[in-house]
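Worksheet: one structure, shown below.
The values are calculated or read from the model by the stated rules, or taken from the named source; none is laboratory data. The shown structure was predicted, so the numbers you read here are calculated from the model rather than taken from an experiment. Neighbour counts run over all protein chains shown; Cβ positions are idealised from the backbone, glycine included. What goes into the accessible areas is simple: the full protein's heavy atoms, side chains included, and nothing from ligands, DNA or RNA. Shrake-Rupley method; radii C 1.70, N 1.55, O 1.52, S 1.80 Å.
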Amino acid sequence: EGVRPGGGPPAGGPGSGSGSGSGSFPSLFPPGLHGIYGECRRLYPDQPNPLQVTAILKYWLGGPDPLDYVSMYRNLGNPALNVPEHWHYVSFGLSDLYGDNRVHEFTGTDGPSGFGFELTFRLKRETGESAPPTWPAELMQGLARYVFQSENTFCSGDHVSWHSPLDNSESRIQHMLLTEDPQMQPVQTPFGVVTFLQIVGVCTEELHAAQQWNGQGILELLRTVPVAGGPWLITDMRRGETIFEIDPHLQERVDKGIETDGSNLSGVSAKCAWDDLSRPPEDDEDSRSICIGTQPRRLSGKDTEQIRETLRRGLEINSKPVLPPINAQRQNGLNLDRAPSRKDSLESESSAAIIPHELIRTRQLESVHLKFNQESGALIPLCLRGRLLHGRHFTYKSITGDTAITFVSTGVEGAFATEEHPYAAHGPWLQILLTEEFVERMLEDLEDLNSPEEFKLPKEYSWPEKKLKVSILPDAVFDNPLH
């Protein structure tokens with residue numbers, strides 16, 4: 001990457017003119033860029049040539065960085081609203097800048113342009129800082145790589161568990177929430193609409209609260225605490241306290257929210273596995289594949305796509321829970337968890353039921369053994385209390401293979417697990433149906449998952465009459481493919 005003041009055509013754009021009279025304008029200045037620059041110029045008329053980070057080898061030429069540019073502006077804030085001075089970063093490349101299919105398929109002017117959004121970030125300016133730090137541009141490239149590789153788009157209210165200080169310092173700000181940028185308006189370009197999603201840096205405790213309740217609820221709380229973001233949600237990497245330490249009453253708001261609304265988190269990428277204990281051990285058929293003739297068979301592309309699509313889009317339609325959403329990819333320790341968005345819900349009529357591929361039969365299992373690493377295990381109480389007791393479902397998708405484990409409550413439609421056969425497998429995808437009564441009992445038995453400091457691995461929980469066993473194992477077990 002190179003940093004330079006944006007002097008040439010890519011950065012400065014065609015100045016204040018519209019460029020319509022210039023014959024060479026389209027080749028010099030891609031129309032998709034033009035729309036976004038117009039919005040930047042509206043906000044920063046006095047900064048026509050902002051400092052810019054540029055991908056030296058463009059993504060469409062095989063470079064590693066999907067964002068062609070990240071512009072960096074100085075924002076004076078708004079003292080009347082208690083908004084401090086800060087650096088404002090804007091990405092270029094998640095939307096379609098060129099319209100010639102070199103990166104994004106051109107799909108017309110009515111829908112989204114490219115992935116339909118660009119990322120922004122607001123970083124509090126330190127006293128005496130005369131130029132914006134460039135690390136946020138690398139962070140934005142990392143998120144953009146995730147979007148390009150997984151084709152999962154982001155929505156306002158989503159959260160990203162990053163597990164590392166965003167600026168590689170010692171900061172407590174190690175994860176992100178996403179929200180609408182408070183100043184930038186959606187832009188109509190010749191290639192579709194672009195909205196602006198702002199990254200908000202948060203502490204681990206705030207991320208957990210967003211998982212257990214929902215992202216929008218936590219964003220609202222952050223807006224009310226000036227040092228934790230304030231009305232424009234500005235990230236301060238030096239913040240040393242969580243919102244719950246700054247204002248202990250906020251924890252009550254979250255607890256009440258979880259009780260009333262349950263959790264919006266419907267699936268995570270995780271280190272997990274399952275075994276079918278009902279099968280005799282000498283049967284060498286792997287519990288996560290099905291044999292057709294003698295050919296051991298992984299999920300076909302069609303199955304995987306169908307499950308992934310169902311998982312990605314099978315969010316609550318109206319109020320009926322439908323099975324089930326998930327994220328299939330994990331990059332560089334990035335773990336993106338989707339919250340249902342209204343838009344997705346209404347579009348997902350196809351996911352009301354999964355039609356199993358005719359070659360894979362659904363198997364009923366007598367007895368199952370679930371295995372999780374400690375981080376995934378810590379989410380089981382959230383899965384039970386925040387999801388199943390609210391009539392919803394929760395999915396763990398293995399980051400190392402095809403395996404997926406979905407917990408469903410009795411009210412979920414489209415599940416292949418039933419009350420008569422609560423454990424059912426469809427290839428490597430296991431569903432477990434739990435009654436409310438059993439969930440309550442499991443929550444009592446799993447109480448110590450909430451206090452990780454007293455935890456010794458491996459740890460086993462067992463419900464013999466339900467023929468269910470859960471083990472919490474060290475990470476290394478999942479890193480070894482033969483486990």
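Only one of (1) touching a residue at least 60 places away in the same chain (Cβ under 8 Å); (2) assigned by the TED database to the domain that holds residue 88; (3) out of contact with any His (no Cβ under 7 Å at 6 or more places or on another chain) is not met by residue 254, so which one is it?
Unmet condition: (1).
What pairs can you find where one residue is in the stretch 373-388 and closer than 17 Å to residue 399 by Cβ, the other is of a type in the set (Lys, Arg) and buried (at least 20 other Cβ atoms within 10 Å of the Cβ), and their Cβ atoms are less than 7 Å apart, with a gap of 6+ or different chains?
From the stretch 373-388, the pairs are 373/271; 376/271.
What is the number of the single condition among (1) modelled with pLDDT of 90 or more; (2) buried (at least 21 other Cβ atoms within 10 Å of the Cβ) that residue 446 does not meet?
Result: residue 446 passes all but (2).
Give the stretch 237-254 a look and list any residue that's outside any helix (DSSP H, G or I) and open to solvent by 30 Å² or more (accessible area, probe 1.4 Å), or say none.
238, 240, 241, 247, 248
Among the residues of the stretch 86-133, how many are acidic (Asp, Glu), open to solvent by 50 Å² or more (accessible area, probe 1.4 Å) and over 26 Å from the mean Cα position of the chain (by Cα)?
Result for the stretch 86-133: 2.
Among the listed residues 17, 6, which satisfies the condition of being within 21 Å of residue 135 (Cα to Cα), outside the structural domain of residue 156 (by the TED database) and modelled with pLDDT under 95? Please lay out each step first, then the result.
Values: 17 fails: within 21 Å of residue 135 (Cα to Cα).
Going through 17, 6 in turn, the sole match is 6.
Checking the condition assigned to a helix (DSSP H, G or I) and of a type in the set (S, T, N, Q), which residue from 188, 211 passes?
211
What about residue 173, is it closer than 17 Å to residue 233 by Cα and either of a type in the set (Phe, Trp, Tyr) or not in a strand (DSSP E or B) (or both)?
yes
Being part of a helix (DSSP H, G or I) and either under 22 Å from residue 133 (Cα atoms) or in contact (Cβ under 8 Å) with a residue 60 or more places away in the chain (or both), is that true of even one residue in the stretch 46-57?
no
Say whether the condition of being without any contact (Cβ under 8 Å) to a residue 60 or more places away in the chain, surrounded by 21 or more Cβ atoms within 10 Å (Cβ to Cβ) and in a strand (DSSP E or B) is met by at least one residue in the stretch 136-159.
No, there is no match, as no residue in the stretch 136-159 is without any contact (Cβ under 8 Å) to a residue 60 or more places away in the chain, surrounded by 21 or more Cβ atoms within 10 Å (Cβ to Cβ) and in a strand (DSSP E or B).
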